[in-house]
């Protein structure tokens, strides 16, 4: 029988997504683990962040802002770990075979990212419900259209960012350390912890972070509290996403080039 | 007989310690992480309050995060040991060798306990000097002794995690909920008095809360010797852990040959 | 047509070697030093050498995963350095037979996944995967999770994966390493069938017997350099290795001109070591016939490639 081979990106993307979904649904222990862990982590994060100003637990606006902060923490966390998963692809010898099929690393990471997105959906909803039930946060979204637009932009941005990140950490001896540190640094740089909570001078520094325009606008659209004009934020977030698109292509190409030269997969 | 088992324990301990010491990144991160998180929340506190909060509060969280780090390292290592043993079929060799598997699990936990002790020594020393100067150093060294005793019941919980990994297969998925529950309920990053009643009870029934409480109270000088009365109760975890692990080992690994599946 | 051309390939690696707990030292390893060879269409070509000889590095250069420091290589006329995408479309590769799979997918799901990455639609990929699991004799095991596979099953799956996009050139790096004799035999038979169907095959191995039985031509590589090349027969002849001739004589208890022994049937066996088996055999038979000895059986034992290898590598070490 004659088989047809077409180098369609869409075929590769659907192969990666299909694989990611299959593996995710087969890891039932992980799903149960997430269902049990998430409410506890949410309570832990809430109370840890508010430790120095426990009186704010009675302020519904602060509690609602923190709820979205935790949602965004879960959001970014999933993509960072998806990026980190490249290490498993290298260790299991899958990456060599992926290169041999002429598939880009960004597409390959989609398989893991789809798992991340399901995680965001499940854990994110649990986080929102826990915050609402335990701490009394408001679940309504202030500007739904802007919220969903900024969510889509953020998904695309972090998909691309995950592949750039993967290219950077792939050669490290203990990449999980960097991922863990980044998971605690990013919420500060990205406005996941609402910058309205900070003093003005701190907030003025955070708005120089590109991540703020990607993640912070989701929180702002949800709560309706803006520090920067919403349309300016939207515009800047689109610009940064386009830049990230080119960065991911450059990083993936450089990575493969370096891999072919040195025999080990690394960018730095 | 006991001498032979001590020798086996020391041999495994030596190999595992060498292994850990060669993972410089992991050791460095374990020390750096509690400092990083406590400074992060301290800066959030500073940002919210508009002025730096008291250093005693920072120290409270630093000690809590350090103990959290130690418990995560300890519980994850036991789970990983079982999983890798199953996948690599190393457990088959171990069961066929004249070594009691509990000795192995205990020495693995002990290795991570020693690593944890090192983490606590380094991070705690920095925290005490920054917060209290040199005046509370003697208290700090006494707290190290109590920490060692308080960590022993945690071995029992690690054995339960190892037993669960025999069935669940995924070490991180098994140890994650334990870490989440421990972190939330044990008063590591905030006082458990602010928790809902049921979570408070969970926290008070586990050894982690007491480890943090003993250490903080000794360093800060409000330790009450009567509080040690909880320790015998906590050692029940150790017995419970041994029994459960043995049950799973005999009924699943040996009877059903669950290796690597 | 020359399907594979390697011209003067060289490759060095820098490796950090741990000394003690905290110190490291950088070492330069010359993995491949000026390797050249050509593989014809439909040929099974062997790269033979001990562990660390440079076989895998050479293979990785040819399958576009490594760029050589110097030299050139062509696959089906495409330059492996400048046209890697074209090369990848026409080669099927087995690198480490036990790696490259998702453990939580079944064998067939892994094959379908790779098929789709090569651009097949789902239906075709599934059909092709089913064909291949039958070809490599995986049978119902193809529907089990890869995490439950033995090494032999993974090796078979690896070969199936290398064929998923029906490549004309197949590159196999130690495909039978660690396999039991029955699995190895099945895989060798499969490689023969593939060559008979017109595919060009480059195989590496440190198993001399395997290469001798499989390959039309062989190069021997040691410490990154080619130390000998030719057909297995040519290699043996080049080194003037000894053949052993054993002639069973049915009506004699002793023959003084030759070394003899008694076989399990109790008959006398004349033993001769020679480098020219044809001439020697005729001479000995003439002599024996002159004396009216009755010949029971004749056995000519050829030198093995293993002996060639031992001689070549041993000679190198002696130097």
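The values are calculated or read from the model by the stated rules, or taken from the named source; none is laboratory data. Here the structure is a predicted model, which means the values were calculated and not measured. Glycine gets a Cβ as well: all are built from the backbone with ideal geometry, and neighbour counts include every protein chain shown.
Structure notes:
- Subset of region B:18-27 that is in contact with a helix residue (DSSP H, G or I) (Cβ under 8 Å, 6 or more places away or on another chain) and at the interface with chain A (Cβ under 8 Å from one of its Cβ atoms) - its residue that is farthest from residue B:63 (Cα to Cα): B:25
- Taken together, the residues in region C:97-110 that are more than 7 Å from chain A (Cβ to nearest Cβ) and either assigned to a loop (DSSP other than H, G, I, E, B) or free of Cβ contacts under 8 Å to residues at least 24 places away in the same chain (or both) amount to 4.
- For region B:150-220, the helices (runs of 4 or more DSSP H) that sit wholly inside it and include 2 or more residues that are facing another protein chain (nearest Cβ under 9 Å) are B:171-185.
- Going through (1) touching a strand residue (DSSP E or B) at 6+ places or on another chain (Cβ under 7 Å); (2) surrounded by 24 or more Cβ atoms within 10 Å (Cβ to Cβ) one by one, residue C:71 falls short only on (2).
- When residue C:136 is tested against (1) more than 7 Å from every other protein chain (Cβ to nearest Cβ); (2) more than 13 Å from residue C:164 (Cα to Cα), only condition (2) is not met.
- Just one of the listed residues (A:70, A:107, A:43) is assigned to a helix (DSSP H, G or I), within 12 Å of chain B (Cβ to nearest Cβ) and touching a residue at least 60 places away in the same chain (Cβ under 8 Å), and it is A:43.
- Candidates A:152, A:169 - the one that is within 27 Å of residue A:246 (Cβ to Cβ), out of contact with any helix residue (DSSP H, G or I) (no Cβ under 9 Å at 6 or more places or on another chain) and either at pLDDT 90 or above or buried (at least 16 other Cβ atoms within 10 Å of the Cβ) (or both): A:152
- Within region B:32-72, tally of residues that are surrounded by fewer than 20 Cβ atoms within 10 Å (Cβ to Cβ), in a helix (DSSP H, G or I) and more than 9 Å from every other protein chain (Cβ to nearest Cβ): 4
- The residue of region B:162-190 that is modelled with the lowest pLDDT, among those that are within 12 Å of the chain's Cα centre (by Cα) and farther than 25 Å from residue B:57 by Cβ, is B:175.
- Filter result (over 17 Å from the mean Cα position of the chain (by Cα), assigned to a strand (DSSP E or B) and free of Cβ contacts under 8 Å to residues at least 60 places away in the same chain) within region C:211-268: C:244, C:245, C:246, C:247, C:248, C:249, C:259, C:260, C:261, C:262, C:268
- Condition check for residue C:100: out of contact with any strand residue (DSSP E or B) (no Cβ under 6 Å at 6 or more places or on another chain), in the same structural domain as residue C:10 (by TED's automatic domain parsing) and crowded, with 22+ Cβ neighbours inside 10 Å: yes
- Residue match in region C:174-187 (condition: closer than 22 Å to residue C:4 by Cα, in contact with a strand residue (DSSP E or B) (Cβ under 8 Å, 6 or more places away or on another chain), surrounded by fewer than 22 Cβ atoms within 10 Å (Cβ to Cβ) and touching a residue at least 24 places away in the same chain (Cβ under 8 Å)): no
- Test: residue in region A:20-33 that is closer than 24 Å to residue B:37 by Cα, in contact with a helix residue (DSSP H, G or I) (Cβ under 8 Å, 6 or more places away or on another chain), surrounded by fewer than 24 Cβ atoms within 10 Å (Cβ to Cβ) and within 8 Å of chain B (Cβ to nearest Cβ): yes
- Flag for residue C:151 being at pLDDT below 90, crowded, with 16+ Cβ neighbours inside 10 Å and more than 8 Å from every other protein chain (Cβ to nearest Cβ): no
- Residues of region C:248-262 that are under 14 Å from residue C:290 (Cα atoms) and in contact with a strand residue (DSSP E or B) (Cβ under 8 Å, 6 or more places away or on another chain): C:249, C:252, C:255.
- Residue under evaluation residue C:273, criteria (1) assigned to a strand (DSSP E or B); (2) surrounded by 14 or more Cβ atoms within 10 Å (Cβ to Cβ), criterion not met: (2)
- Just so you know, in region C:111-132 the residues that are closer than 20 Å to residue C:149 by Cβ and more than 9 Å from every other protein chain (Cβ to nearest Cβ) include one that is surrounded by the most Cβ atoms within 10 Å (Cβ to Cβ), and it is C:111.
- The listed residues are A:12, A:4, and the only one of them that is modelled with pLDDT under 90, in a loop (DSSP other than H, G, I, E, B), more than 25 Å from residue A:192 (Cα to Cα) and more than 8 Å from chain B (Cβ to nearest Cβ) turns out to be A:4.
- Among residues that are crowded, with 21+ Cβ neighbours inside 10 Å and more than 15 Å from the chain's Cα centre (by Cα), residue B:211 is not included.
- Among residues of region C:79-96, those that are surrounded by 19 or more Cβ atoms within 10 Å (Cβ to Cβ) and part of a strand (DSSP E or B), counted: 4
- Residue within region C:31-45 that is more than 16 Å from the chain's Cα centre (by Cα) and within 12 Å of chain A (Cβ to nearest Cβ) present: yes
- Within region C:188-210, considering residues that are free of Cβ contacts under 8 Å to residues at least 60 places away in the same chain and assigned to a loop (DSSP other than H, G, I, E, B), the one farthest from the chain's Cα centre (by Cα): C:197
- Test result for residue B:106, within 12 Å of chain A (Cβ to nearest Cβ), modelled with pLDDT under 85 and within 28 Å of residue B:177 (Cα to Cα): no
- Any hit, region A:193-202, residues being within 19 Å of the chain's Cα centre (by Cα) and in contact (Cβ under 8 Å) with a residue 40 or more places away in the chain: yes
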